[in-house]
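The values are calculated or read from the model by the stated rules, or taken from the named source; none is laboratory data. For clarity, every value in this text was computed on a predicted model and none was experimentally measured. Cβ: placed from backbone, ideal geometry, glycine included. Neighbour counts: every protein chain shown. Areas reflect the complete protein model, heavy atoms only, side chains present, ligands, DNA and RNA absent. Shrake-Rupley method; radii C 1.70, N 1.55, O 1.52, S 1.80 Å.
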Amino acid sequence: MTEIKRAKILKFNSEKCVGCLECEKACSQVHFKCDDGGEKSAIRIHEKDGKFQMHVCNQNGLCIDMCPVGAIERMPNGTVILNKNICVGCQACVAFCPLGAMKRSASRIEPFKCISCGACVRACPEDALELVEVDIEEIKQIVFNNYGGANHG
Amino acid sequence: MVKGQFSWKDYDAGNTKHEWDLQKIHAAHKVLTEFKYDKNKIEKGFANKTLYINLTTNEIKEKPVTDDMKKKFTGGRGFGLKLLWDSIQPDTRWNSEENDLVITTGPLCGSTQYPGSGKSLCLTVSPSTNIVCDSNVGGYFGPYLKFCGYDALEIQGKAKEDVIIVIDGEASVIRIETAPLEEINTHLVSEQLTYMYSSKDDERSRQRVSVVSAGHGAENSYWGCLNFSFWDIRRKVARLKQAGRGGLGTVLRDKKIKGIVARVDKFTGVENAPENPEAAAKVGTKIQKEIRDLDRYQCNMRQVGTAHLVEIMDAYDLLPCENYRFGSFPKAPKIYSMKFFENFTRVIPDGCWHGCTMACAKTVDSFEVMTGPYKGHRVTVDGPEYETVGCGANMSLWDPKWIIEFNFYCDTYGIDTISSGTAIAYYMEMFEYGILNKERCGGLELAFGNFNAVMQFLHRMADGDTDEFIKVAAKGIRRVKDWLKSKNWGDHQLIEDAGMESKGLEYSEYVTKESLAMQGGYGLTLKGPQHDEAWLIFMDMVNNQIPTFKDKAEALHYFPMWRTWFGLNGLCKLPWNDVEPANNAETNDPSKVPEHLNNYVEYQNAVTGWNINKEELILQSERAYNWQRALNVWMGRGQRRDDWIPYRSMGPVTELEYVSRQERYDKQLAEIMNKPLEEIEKMDVGKKVKLLYDHRRNQYQILSDAVYMRRGWTQNGVPTPVKMKQLGFADEQKMLDFLAKKIQEDEENGLNEWGGVYSESEEKPSKERRYWESW
């Protein structure tokens, strides 16, 4: 299998954002076919100290190794996707995501995440979002696998 | 070792590949019975039916699960007790025609959001104890059985030739098929049957098949375990968890079952149909985050599983070394968890059911087998877990590779590592004293530390060797004690005191000499000496939290009840207290882990839609627990004499043991006898051993008095009709009449008396001898 080296991830230009949340609504369309945004969106925009922040998956892929049924895989384009038809709803990926970016909505047991589809980028009226390509080695994270945290960091 | 983030498709465990003609093997099957059924939709954790199979008559039928059954027995192990009560007689033995082998699930079993929700509870009349034995096990079979539409599977009767049972939840059909050509040993037959019965030839389909099997060791010993498979899509191998205790695999093979196969269709995260999936997911994710953040600083389960306990037990003088004579050993660091960490192939996720991020199931992949029929093969070994490593210490095997080999063969031969390891350790001690020798052991040099002799013993046993020693030894310590005494080969008292069995079952791997409460935790149990009812050593011995008999009795009431609850629900106990919230020590009752207790109340309510609180949760257990005790009494056991434990678990049997911890024992004797230490130090060791012997044996009786009363039983350990009525069994007239009659008989035989000898300053648990009459 050829090694996947590059992945597209979302980049947020905070100064351009006006907090309209069109991105969240667009994301809800992708995952739930509705305009709810909020807990049904994989991208979340929060306001803190008068500035907007984006909270979304960075495709680090730690969740891949957490899935007991192999429902999470890195696609050839580098994006990490969760196949909800294979998922058994255990939430291991949700609990272990270091960013809290694997999301679950009350309306469905299977979690969901950003798939770098660009729907939010296209929906943003202010061009605050863009998809950029990064080296997977730079973002990759793996599950803690050392002998004890106390002595072996 | 693989360093994370790889596609599950790419990993190769590096094991020996098998070339089987599966079509030919399958073509040799003859279908004996086929039973088509309408699959019940699971509702709030229950499929509301149980499956009954009779292998003598080839009858297959369904039994309803009633609301009354749920109310009295909750589910899981409780249902198993109910099914057994309806099927067996007081004189039913393990190999009786009517003996049931029951595999149950429980209402929370098959959920995926809370760690440890895939346990099956297996019950049968045990060859070791002649009473009902229950044993819990992970793996996918339990959840799949429920997804196939059944809360429990009950197998009665015996097949005439080797059979498999196929429960096909995809096609809603159950078949009994002859299976003449399949292997018997587990690591082979579970793989064969998985390949044969998966709907497609791919990893995902194989993951939706689970197989229950035993092996040649189960056929030829009383230590047979049930191996439950869980197909690992990464390693591409059938991994195994064991219902180890009490000889359930022996019963499986006595019924001529080679394998029980469950196959399911695709299932979802809400297959268990919880009343409130959101609440279940919320509480589950909360604890999974705790595991993520805290496990590495607490038990290290995700890296080494239960083997993390080895160094702790060694440090506290609790690791059983050379047949429990010592609690620590100079060579013990050779088998500390780090040594297994180096051997484990850490290909996560490693839970034995989906969603268990505690992930204690570890493997050694591509292990090159060193002895026996599979010598030279490369295999995946599941484990070793703490208990198996403890058996290594007990047999004085101080090489991790030896322990892994022992583990592999026990699993594939279908025998319990605990029972066999503890028993072999006892035979080794008898060998050391010359009570056994090479000639008496069928040519085996069964000395402590002789790895080759241990493996030879297992291979010959599995091979059906007819040597007198091999045959008796394979039935366990109790039978060997009787055999040694009948041969008059040694001091009868030593033979009795040194063998670590109670009720006919071998001990698990903790030294209990310095914790009276834990002695009760092993002895005052339903099925025999295991630590699944109570583990009180730290509370009692290290932290001194339960100093009085009343305190100990309270702990020996509460913890067995609480721990029974997991088995009623199809849960694993480990996520309760093998990870603790960061602030647990500051709570008012850290040993109960109050926050996790609340989790379980929320979790059960979320799935079942019941509205219970933590007191009612204990009540659920108390019903099943007392019913099982009553069942034991009904079968002629379950009384004070059956709760007796060997002196090796109470104190030093030999002078060597006394001398090895002389300072401790001298100090204790000085206190007991109210004499200056110097005077004790000068006393003859043999005399001191005897003084401690009499004292500790009496302490155990006094403890039993207190515990029986706390549990609502007579002094002979019999549950009273009053207690049973309070628990909700008022309409179980047959059982109530039996208990009333039994208590009357005990009265006539003088058995309703305190067992302990009390000094004038010591108070009996009650002033009334027949205290239960005034309740």
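Annotations for the structure displayed:
- Total residues in the range B:284-315, condition aliphatic (A, V, I, L, M), surrounded by 22 or more Cβ atoms within 10 Å (Cβ to Cβ) and either in contact with a strand residue (DSSP E or B) (Cβ under 7 Å, 6 or more places away or on another chain) or more than 9 Å from chain A (Cβ to nearest Cβ) (or both): 5
- Of all the residues in the range B:32-59, those that are closer than 27 Å to B:ASN99 by Cβ and open to solvent by 80 Å² or more (accessible area, probe 1.4 Å) number 2.
- Of all residues making up the range A:44-74, the number that are within 17 Å of the chain's Cα centre (by Cα), within 14 Å of another protein chain (Cβ to nearest Cβ) and without any contact (Cβ under 8 Å) to a residue 24 or more places away in the chain: 4
- For the range A:83-101, the candidate set comprises residues that are buried (at least 24 other Cβ atoms within 10 Å of the Cβ) and of a type outside the set (A, V, I, L, M, F, W, C); within that set, the residue that is farthest from the other protein chains (Cβ to nearest Cβ) is A:GLN91.
- Filter pass, B:THR250 being within 21 Å of B:THR388 (Cβ to Cβ) and either open to solvent by 20 Å² or more (accessible area, probe 1.4 Å) or away from chain A (no Cβ under 14 Å) (or both): yes
- Looking across the range B:213-247, just one residue is outside any strand (DSSP E or B), under 27 Å from B:GLU506 (Cα atoms) and either within 14 Å of chain A (Cβ to nearest Cβ) or acidic (Asp, Glu) (or both), and that is B:GLU219.
- Test: residue in the range B:289-312 that is farther than 30 Å from B:ALA447 by Cα, touching a residue at least 60 places away in the same chain (Cβ under 8 Å), assigned to a helix (DSSP H, G or I) and touching a Phe, Trp or Tyr at 6+ places or on another chain (Cβ under 6 Å): yes
- Note on the range B:1-19: among residues that are surrounded by 16 or more Cβ atoms within 10 Å (Cβ to Cβ), touching a residue at least 24 places away in the same chain (Cβ under 8 Å) and of a type outside the set (A, V, I, L, M), the one that is farthest from the other protein chains (Cβ to nearest Cβ) is B:ASN15.
- Taken over the range B:335-356, residues that are polar (S, T, N, Q) and open to solvent by less than 30 Å² (accessible area, probe 1.4 Å) amount to 2.
- Members of the range B:691-707 found to be open to solvent by less than 10 Å² (accessible area, probe 1.4 Å) and touching a Leu at 6+ places or on another chain (Cβ under 8 Å), listed by number: B:LEU692, B:TYR700, B:LEU703, B:SER704, B:VAL707
- Scanning the range A:106-127 for residues that are over 15 Å from A:LYS33 (Cβ atoms), among the small types (Gly, Ala, Ser) and within 14 Å of another protein chain (Cβ to nearest Cβ) yields one hit, A:ALA106.
- Meeting the requirement of 3 or more residues that are open to solvent by 20 Å² or more (accessible area, probe 1.4 Å), the helices (runs of 4 or more DSSP H) wholly within the range B:471-577 are B:477-487, B:492-498, B:549-569.
- Scanning the range B:316-341 for residues that are touching a residue at least 40 places away in the same chain (Cβ under 8 Å) and within 14 Å of chain A (Cβ to nearest Cβ) yields B:LYS339, B:PHE340.
- In the condition set (1) crowded, with 17+ Cβ neighbours inside 10 Å; (2) within 17 Å of the chain's Cα centre (by Cα); (3) facing another protein chain (nearest Cβ under 7 Å); (4) farther than 24 Å from B:GLY118 by Cα, A:GLY148 is compliant with all but (2).
- Helices (runs of 4 or more DSSP H) (entirely within the range B:5-102) containing at least 3 residues that are closer than 25 Å to B:ALA214 by Cβ and modelled with pLDDT of 95 or more: B:22-27, B:77-87
- Test result for B:ASP350, charged (D, E, K, R), within 11 Å of another protein chain (Cβ to nearest Cβ) and either under 24 Å from the mean Cα position of the chain (by Cα) or not in a helix (DSSP H, G or I) (or both): yes
- The range A:6-21 - residue that is open to solvent by 70 Å² or more (accessible area, probe 1.4 Å) and within 18 Å of the chain's Cα centre (by Cα) and, of those, nearest to the other protein chains (Cβ to nearest Cβ): A:ARG6
- Qualifying residue in the range B:744-756 (condition: within 28 Å of B:ASP67 (Cβ to Cβ), in a loop (DSSP other than H, G, I, E, B) and within 30 Å of the chain's Cα centre (by Cα)): no
- In the set B:SER213, B:SER221, B:SER205, only one residue is without any contact (Cβ under 8 Å) to a residue 40 or more places away in the chain, in the same structural domain as B:ASN99 (by TED's automatic domain parsing) and either under 26 Å from B:GLU387 (Cβ atoms) or of a type outside the set (Lys, Arg) (or both); that residue is B:SER205.
- Residues within the range B:417-439 that are assigned to a helix (DSSP H, G or I), open to solvent by 20 Å² or more (accessible area, probe 1.4 Å) and of a type in the set (D, E, K, R), tallied: 1
- For the range B:543-573, taking the residues that are within 16 Å of the chain's Cα centre (by Cα) and basic (Lys, Arg), the one that is nearest to B:TYR522 (Cα to Cα) is identified as B:ARG563.
- Leading residue by the ranking (farthest from A:GLU133 (Cα to Cα)) among those in the range A:64-81 that are in contact with a strand residue (DSSP E or B) (Cβ under 8 Å, 6 or more places away or on another chain) and open to solvent by 30 Å² or more (accessible area, probe 1.4 Å): A:GLU73
- Where B:ALA273 falls short, out of the listed (1) under 30 Å from B:GLU506 (Cβ atoms); (2) touching a strand residue (DSSP E or B) at 6+ places or on another chain (Cβ under 7 Å); (3) not in a strand (DSSP E or B): (1)
- For the range B:357-374, taking the residues that are crowded, with 24+ Cβ neighbours inside 10 Å and of a type in the set (S, T, N, Q), the one that is farthest from the other protein chains (Cβ to nearest Cβ) is identified as B:THR363.
Here is a yes/no grid of residues against (1) in contact with a strand residue (DSSP E or B) (Cβ under 7 Å, 6 or more places away or on another chain); (2) open to solvent by less than 10 Å² (accessible area, probe 1.4 Å):
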| site | (1), (2) |
| --- | --- |
| B:GLY392 | no, yes |
| B:ILE415 | yes, yes |
| B:CYS441 | no, yes |
| B:PHE448 | no, no |
| B:ASP463 | no, no |
